[in-house]
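Below: the structure, in structure tokens.
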Amino acid sequence: MLFKKMSMELDVFVGNTTVLDEDVYQLWLDGQTVTDAVRIRIEAGALQECEANAEVLLSDTMDQFRTFQMCERLLQSPSKVANQLLFQIPPHRQTMLIERYYEFDSMFAREVLGKKLSKGTKKDLDDIGSKTGIVLKSCRRQFDNFKRVFKVVEELKGPLVENIQRHFLLSDVLARDYAAIVFFANSRFETGKRKLQYLSFQDFAFCAGQLISYWTVGAVDNVVENMDVDLEKEFLHDLKDLKVLVNDKDMLDQHKSLVCAQLRGKIKVFSEMEASFKNLSRALVNIASKLTHTKDVRDLFIDLVEKFIEPCRSDKWTIGDLRLFLTHYSSSVHTLEAFRRQVIWDRYMGVIKSCILKMYHD
Amino acid sequence: MPGKLKAKIVAGRHLPVMDRASDLTDAFVEVKFGNTTFKTDVYPKSLNPQWNSEWFKFEVDDEDLQDEPLQITVLDHDTYSANDAIGKVYIDIDPLLCSEAATVISGWLPIYDTIHGIRGEINVLVKVDLFNDLNRFRQSSCGVKFFCTTSIPRCYRAVMVHGFVEELVVNEDPEYQWIDRIRTPRASNEARQRLIFLMSGELQRKIGLKVLEMGGNAVVGYLQCFDLEGETGLVVRAIGTACTLEKISTLPATATHPSNSSPSKDMKEPGFGEEAPGVPLSSGPPTPLRAQTFSSFSPSKSYSRQSSSSDTELSLTPKTGMGSGGSAGKEAGPLKALLRQQTQSALEQREYPFFTLTAFPPGFLLHVGGVVSARSVKLLDRIHNPDEPETRDAWWEEIRQEIKSHAKALGCHAVVGYSESTSICEEVCILSASGTAAILSSRFMQDGSLDTEHRFEEVVPPGCGFCHIPYDELNIPFPAQLTYCYCCRRYKVPDVLFTTIDLPTEANVTGKGCLIQARLCRTKKKAQGEGNATAISNLLPFLEYELHTQLMNKLKLRGMNALFGLRIQISVGETMLLGLASATGVYLTALPSPGGIQVAGKTPSDITYEQHISNMQKKINDTISKNKELHEINPPEVVEEIIGSPIPEPRQRSRLFRSHSESSDEVSELDLSHGKKDAFVLEIDDTDAVEDIHALLTDSPTPAGFYSCNTEIMPGIQNWTSAIQMFTSVRVFRLNANLTNQGLNKIFSDLCENLLKSLYFKLRSMVPCCLCHLNFTVAIPEDELIQVAVTAVAMSFDKEQSLENGKQSGEKTLIKAITENDEQLQFNLELNAETSSPNPLSSPKGLSEVGSHPSARDRCSSWIEQLKLKAHTIRRGSVKTTSSLEKASPLPEGRSRSLRSNRSYSGSSVAVVKMTPLSFIPGAKIIKYLGIINMFFIRETTSLREEGGVSGFLHTFIAEVFAMVRAHVAALGGNAVVSYSMKECVFMENPNKNQAQCLINVSGDAVIFIQESELESTSVQTQSATTHTSNGGEGT
């Protein structure tokens, strides 16, 4: 009855310290409409608080959404948040606002991972939204965040994670995730193939972390000018030299016998291992030697899955077996006297081993 | 050339992109003061220019220094076309003109544009070199301090309170000049902003001159308002209380000077028993004249005569203070007194014994008569000479005279808590003034250099003295039920007390208080000119009467007996009048317990009807008892009186007010000071009454953990944490249908209730908390639109300590009283027998031995112990605060936070500036007042939808205003604004054209505070020993 006789034309609440409700912030970040947000809050029992009614809740939600919208411009360049004058927000709340704004759904990130962060992809957001159940508005925000971070750090020198942290004031964990996204987007790793679908964002993020830490220019040389985003060309080139491990028949046999000697009785799939050793070794070394081509770099993960993980899986290797095998496979190369590329080998195998172990699951 | 103003432009940051091609800006700055302009170099292609300019020097008269703002304009250089303005900064340099305030303005200030809002920031340095000018006929009043605070500012001591100062200036409103048709909205807005800056400067200077003339050095309770009359002009008017203030040395207060913390202490000398202590109206013989007059009075003196004489005395005071000083007056003695008597009538014409203060130094406020108010309806288009202030001066004069005579009728010689306001709709203007009739002690009325014998010490039983009636019992100006004071049992008190002032700190209060609002809408026919004015005049008395009845009923419903901070606002629109009365209800221990509300039916024959009545009665009774529980109202004695109070005859209902409201045509008057129990019989003889009762019961109680009041402090809550949240909320409603009065009332009442509910919900993370200074402003911006604006502060308190602290609060007043009274043994001994007032004992042990009253004994059991406890709880409290803050972190700036921020001033991050409408900051000590903040902004948009509609537009604007206030305070070196208020918020929209405009005027006092915990840590040892004194001084 009341609503017919009057209508709210304007309704604002401004606090000297900006009033921020974290739960409502999350709803806003999730891309909910005000109406949905109010419904969700009612379902969560907000009406029990403070003798509220639906009207109060609606007013509060609208007001909060508006506040966040006003803050959004600042959140897009987080360094401004601390020295802007418009909103008085205590530092720990500023941190919360920024961190939450840049947080993303790993489901979403998994879909975008390795794709070119361009406008063309943005049109696909609709599909991703309907696939993952994430509201389109939220997809937009997450995608724009990826793009923004990518654009800023793409050309920057120095360690990737630190660059992201410095420019976007994110926590270490979140900055690492963003580093993964930037890294994947930059190298355009293939992640979308059906066979890779079982891998989660965290799997890839871990792998990206490994690659960034050990295979980029910044990994060996700590000079600030170095770039973290690209793999070290020289190293990739050197990987060609590993071919000798499979091309040289003696070396391959010697390698096999060394590994077999170590693993006998220690793994359940010994016979399967013995049978497929040459194939597996050839797969790993071939992947290494092909990495000079950008196309093959992109296929790194699909290659690992198709050429190594799948064979092992079909032979029902356990993760423990795999770990033992990789450890000895990698270390026994040191006793191959004819092999000169020990350093390159370790740098390669260290990363490959941890990536495979991370990726080896159902 | 008495002054040199120096300004340096350091840098800019976050500038907007002005050149789309390069995404950069070529910025430079124009610095203008008066007619002189300087420019910086162009800093090319940057959004963060570093100008690092030379010092621009302006050599100017101090008169100009007071009137003019420093105007800084940031522009984008354009080689081929005109330079584009990015925005402006107006800097009020007044704070730099006073030696005790700020010395430099330095910091990042938002660059503001009336169309785009804040567009980046600019870092500036401003200084003033002032040469002393001893010219007697000077036009400037540099050095007079201004305070918005309506009490004696915290780090000052009142040496003298001179009295009322007022001034009014008029100018043509730039928006209504012919040129406005051809200039841009930006130019027009800027002309208006600048004009208002100039006018406020001029106004302040003129008021300062009056203060100097009176011999004062400060204006306290400075209230400046704008009347946007439209065609007839733009009026800026101000009122205030001229004082002579003396700075209390700041830091040692805790350790070395226990006495300093109580401002009046120094003046206390052993009193003389010329008159019995505590006699009402015994303002003593402060001047020879009064000594003489009084001595001739018999004990049964005529109060009316006396009040008129004291009236004269008050009116004279400003003159006494002028130049000559009090000692001269004393020497002249009776002769001079005689002269004064002769000039009395002439003086009464000019002088107003008004005080804009709402809180007073201890012992200043003796008795309170009640609320006095006056209203008058005027037609703006009938002003003969609109450019001159005379007509408006005359209007206000008329109203003030009215107020004065009302006060006199109440046997009072002064009006305190005085304020003035207007409401304008088209050519109709309602002028309103209200205050509280009171009797004041002469202590602060003359020079402190008087002999001791004239420094008569007033000894009123603390906590109830102000309730004692100032008027003659046999000659009451209105019917009221008087009883003997429930505290001292010696003097008469009224049954209900309404006032516009804050609750005196010494007042004895039972339980807690709460916000009480009366809301009313009245439809009115559209009319023009004279007819319209008459219609409004005719409606006003009814409006006031109904508001008053509502207040009374609601007060009763809460089981309370007094209202403080009463503010009645009446707004006029084309087709309706809105009335909103807000006040804080309390139960004064000294006043009798209020009777209940009795519902009486007209036709007792009908059984169902009777049942209906009894149901309603039950509901009311339930509400009353529930409310009493809620507000912890358990009067120590005579509880049964409430229940068993005889029900008066129903027919007596409200006869009294009708006669009042018919009394005047243009000026309506209402004495809200009284209330008879019989006013609370609600007769259900018409639907109106049924509605009334429903309306009564619809006010929902505040949610658990919340308290609310519109005064400075909430009785019963002392242990504030440092978590405060000031906020402004604005709502505009559109009425969609033709509504009856009742429909309107319901809607209006629901609006206010819902707004309150929203506030509670918003601030729920601060619970337990109290919304203080909860002041609503209503307006009718357009036909069928109602605008409600609220500015208040939410303050958290520690719940676990509240019980303990209830004791402590008593303790506090007690101790305070002791410090004040301990030298006046002879009076207090006399009082002991009858009163529960604190006992004057020089030795702490003695306290527990005396104290006839059980609760007093309880409270006093051992004050040393209590003090230890207090010191303990303070320390404990700080720990608790932090933890509770973490939990409640969403809202307030916490203690830990503000501590950090205080220290990291020069850091790159922005310093926290607290804002509060109160005169103090909980848990902190104000160590310096930096000057008054008085800012006026206009914001306009032609892309309303793009800015998020009306709400988005106003939300941004209010946030921007806060940001600018904070930045200016920080630039002055301050970390808080106290006594902050939003005086004006005029919002106009035209959604069809996608346009909106808003004007906001805010004011407050910029201060530096330090957390008490910091003080404590420096002097823990001494602190515990002197806690009581510092607390007494804080007077929280």
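With each label modelled as a point 7 angstrom along the Cα→C-beta vector, the residue B:397-residue B:19 pair spans 6.2 nm. Hydrodynamic radius of segment A:48-188 by the Kirkwood approach over all distinct alpha-carbon pairs: 16.5 Å.
What ranking, highest mean first, results for peptides B:171-181, B:238-248, B:366-376 when packing means the other Cβ atoms within 10 Å averaged over each residue? Intermediate results must be reported in sequence, preceding the final value.
Details: B:171-181: 14.0, B:238-248: 23.3, B:366-376: 26.9.
Peptide ranking by packing, descending: B:366-376, B:238-248, B:171-181.
Under 5 Å from the amide H of residue B:47 lie the amide H atoms of B:25, each residue being 5 or more positions distant or on a separate chain, with H modelled from the backbone and absent for Pro and chain starts. Take each residue in B:753-765, count the other chain C-beta atoms within 10 Å of its C-beta, and the mean is 6.
Counts of other chain beta carbons within 10 angstrom of each beta carbon in peptide B:739-749 average 1.
The base-10 log of I(q)/I(0) for segment A:103-148, evaluated at q = 0.23, 0.26, 0.30 Å⁻¹, reads -0.70, -0.93, -1.30 [Debye formula, identical scatterers on Cα atoms, solvent excluded]. Backbone amide hydrogens, once placed in the peptide plane, bring residue B:428 within less than 5 Å of B:380, excluding anything fewer than 5 places away on its chain.
Determine, for A:335, B:505, the number of other Cβ atoms within 10 Å of each Cβ, and report the residues in order from fewest to most. Provide the component values of the computation, followed by the final result.
On the way: A:335 10, B:505 22.
Sorted ascending by nearby Cβ count, the order is A:335, B:505.
Using a simple spin-label model with pseudo-atoms 7 Å out from Cα toward Cβ, residue B:125 and residue B:995 lie 4.4 nm apart. Label separation (residue B:180 vs residue A:237): 7.6 nm, computed from points 7 Å beyond Cα along the C-beta direction.
Between the alpha-carbon centres of segment B:25-47 and segment A:95-151 there is a gap of 43 Å. Of B:589, B:623, the sequence from fewest to most neighbouring Cβ atoms within 10 angstrom is B:623, B:589.
Could you order peptides B:730-739, B:428-437 by the average number of other Cβ atoms within 10 Å of their residues, highest first?
On the way: B:730-739: 18.1, B:428-437: 24.8.
Going from most to least packed, we get B:428-437, B:730-739.
Across segment B:461-524, counting alpha-carbon atoms alone, Rg and Dmax equal 15.0, 49 Å. What shape does segment B:13-56 have by the C-alpha gyration tensor, where a ≥ b ≥ c are the square roots of the eigenvalues, rounded means a/c under 1.5, and otherwise prolate means a/b greater than b/c and oblate the rest? Prolate shape, in that a/c is at least 1.5 and a/b is the bigger ratio.
Ratio to report: Rg/Rh of segment A:196-336, with Cα atoms as the point set and Rh obtained by the Kirkwood method; give two decimals.
On the way: Rg = 16.2 Å, Rh = 16.4 Å.
When Rh is taken as the Kirkwood radius, the ratio is 0.99.
I'd like the mean, over residues of B:726-735, of how many other protein chain beta carbons sit within 10 Å of each residue's own Cβ. Please report the intermediate quantities before stating the final value.
Values: counts 4, 6, 5, 7, 5, 7, 6, 7, 6, 3.
Mean shielding by partner chains, rounded to a whole number: 6.
Taking the Cβ of residue B:150 as the center, what net charge do the other residues with Cβ under 9 Å away carry, scoring Lys and Arg +1 and Asp and Glu -1?
It works out to a net charge of -2.
Cross-link pairs exceeding 27 Å between alpha carbons, from the set B:247/B:404; A:131/A:353; B:524/B:762; A:151/A:195; B:88/B:127; B:404/B:983: B:247/B:404; A:131/A:353; B:524/B:762; A:151/A:195. Apply the Debye scattering formula to segment B:28-94, with a single equal point scatterer on each alpha-carbon and no solvent, then give log10 I(q)/I(0) at q = 0.18, 0.22 Å⁻¹. These q points yield log10 I(q)/I(0) values of -0.73, -0.98. Here the residues B:384, B:955, ranked from fewest to most Cβ neighbours within 10 Å of their Cβ, fall in the order B:384, B:955. For segment A:74-84, 3J(HN,Hα) computed residue by residue from phi via the Karplus equation (6.51, -1.76, 1.60; θ = phi - 60°) reads 6, 5, 6, 10, x, 5, 6, 4, 6, 10, 7 Hz, glycine and proline entered as x.
Using only Cα positions of segment A:239-298, each an equal point scatterer, no hydration layer, compute I(q)/I(0) via Debye at q = 0.17 Å⁻¹ and quote the log10 values to two decimals. Each listed q corresponds, in turn, to -0.62. Converting phi to 3J(HN,Hα) with the Karplus coefficients 6.51, -1.76 and 1.60 and the offset θ = phi - 60°, segment B:721-733 yields 8, 8, 7, 10, 9, 8, 8, 10, 10, 10, 9, 10, 10 Hz in sequence order, with x at every glycine or proline. Note on chain A: along the principal axes its Cα atoms extend 93, 44, 34 Å, ordered by decreasing extent.
Averaged over every viewing direction, what's the projected area of the C-alpha convex hull for segment B:946-1008? Give it in nm², one decimal, please. Please list the in-between numbers first.
On the way: hull surface 18.0 nm².
Mean projected area of the Cα convex hull: 4.5 nm².
Distant-in-sequence amide contacts of residue B:927, defined by a placed amide H-H separation under 5 Å and a gap of 5 or more residues or a different chain, comprise B:1008, B:1009, B:1010. As a rough guide to protection, the peptides B:975-981, B:24-30 ranked by mean Cβ packing within 10 Å, highest first, stand as B:975-981, B:24-30.
Here the Karplus relation 6.51 cos²θ - 1.76 cosθ + 1.60, evaluated at θ = phi - 60°, turns the backbone of segment B:912-929 into coupling constants of 6, 10, 7, 10, 8, x, 7, 8, 9, 10, x, x, 9, 10, 7, 9, 7, 9 Hz, with x for every Gly and Pro. Residue B:528 sits among other residues whose Cβ lies under 13 Å from its own Cβ, and their net charge, with Lys and Arg +1 and Asp and Glu -1, is -1.
A short reminder: the numbers here are calculations on the coordinates, not readings from a lab. Since the model is a prediction, treat every value here as computed from it, not as a measurement. Backbone-built Cβ (ideal geometry, glycine too); neighbour counts: all protein chains shown.
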